[in-house]
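In what follows, a single structure is set out as C-alpha cells and then discussed.
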Amino acid sequence: MSKSDPDAVSYSFVVRGVHEDVFGLFSKRFPRFTGGVGVREPRMVYHRVECTVGDISDALAWIRETLSGKYAVLELGINIYTPRNWANLDVPTEVVDAAHEHGIPLRVTFASPAV
C-alpha cells in the first residue's frame, strides 16, 4: 500500500471461546470466518467474521440468541488499514447502535503497512 492508495475500512465481529457443541451452528451460519488464538490468552480460540454495516445487528442478535451462554466474549470491530494518520473517524450510527443494543465492546483497530 502506497500513500496514494485509498484507506480501507472494514467491519467485523469476534467471538471468543465458542463451545464445541455449537461450533457447527456457528460455522454453518458464518462459513467465511477466520480464527486463531490470542497472544494474551493462547488457550482462547477466537473466530472473526467480516460483515457489512447493514448485517451487523442481525448477526449479533443471532449469536446472542442462538449461542447464548456458549461463548466467552463477543466484540464488534472497525478495522482501518491506512498509511496515513487519522484525526477523525465517523462511525456509522448502525454500528454504534448495534454495540449498544447488544451490550458489547466496540474496538477500533488501525493498521499500517510495514515501511
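The values are calculated or read from the model by the stated rules, or taken from the named source; none is laboratory data. Owing to the predicted nature of the structure, the values given are computational and were not obtained by experimental measurement. A quick note on method: Cβ atoms are made from the backbone with ideal geometry, for glycine too, and the neighbour counts reach across all protein chains shown. Note: accessible area is taken over every heavy atom of the protein model, side chains too, but ligands, DNA and RNA are not part of it. Shrake-Rupley method; radii C 1.70, N 1.55, O 1.52, S 1.80 Å.
Within the set (1) 47, 31, 24; (2) 69, 32, 24; (3) 53, 47, 30, the number that Cα extents along the principal axes in Å takes when calculated for this structure is listed as (1). What the chain shows is 65 Å² of accessible area per residue, with the surface traced by a 1.4 Å probe over protein heavy atoms.
Under the criterion of Cα pairs below 8 Å and six or more residues apart, the relative contact order for region 22-115 equals 27 percent.
For the chain, the fraction of 1.4 Å probe accessible surface lying on carbon and sulfur atoms is 51 percent. Tally the DSSP beta bridges in the chain and give the antiparallel ones as a percent, rounded to 5. For the chain, the DSSP antiparallel bridge percentage is about 75. The charge dipole of region 31-115, taken about its Cα centre with unit charges on the Cβ of Lys, Arg, Asp and Glu (plus for the first two, minus for the last two), comes to roughly 500 debye.
Helix 56-66 and the longest principal axis of the Cα set of the chain meet at an angle near 20°.
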